[in-house]
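Structure first, commentary second.
A short reminder: the numbers here are calculations on the coordinates, not readings from a lab. Since the model is a prediction, treat every value here as computed from it, not as a measurement. Every residue, glycine as well, gets a Cβ built from its backbone with ideal geometry; the counts of neighbours run over all protein chains shown.
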Amino acid sequence: MIGIDHTPAEPDWALTAPETGELYAYVWWCGDEYCDCTQAQIVHIIERNQYGGWRESRVVWNGNYATEGDWDVAPNTELNREARRLRKHHHELYHRISWPWDRKGKS
């Protein structure tokens, strides 16, 4: 008999995504060139400070955490995959997110 994996699939975060506020996609980097940790993330920015930085935010989606460039899939590729999935299955949500490729050249 063939075994069947009955592990429930991860819930789709898009079904419980915040209905208002700014959503921002990027690749987080730890800032340490030695360990070089990275992770693709989509963040709900709840409040900005007077200079435009994030005063309060909450991560709503995480890609895989990797250190020293030890990726199964590069973080930008993960972000692209999640963008394609959202564009296909959650079109309105996709267009609410500020994606890195939409911000290029903007200050």
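With the biggest extent put first, the Cα atoms of region 19-102 measure 37, 35, 19 Å across the principal axes.
Each of residue 81 and residue 98 was given a label point 7 Å from its Cα along the Cα-to-Cβ line. The distance between the two points is 2.6 nm. Distance between the 7 Å Cα→Cβ label points at residue 74 and residue 13: 2.1 nm.
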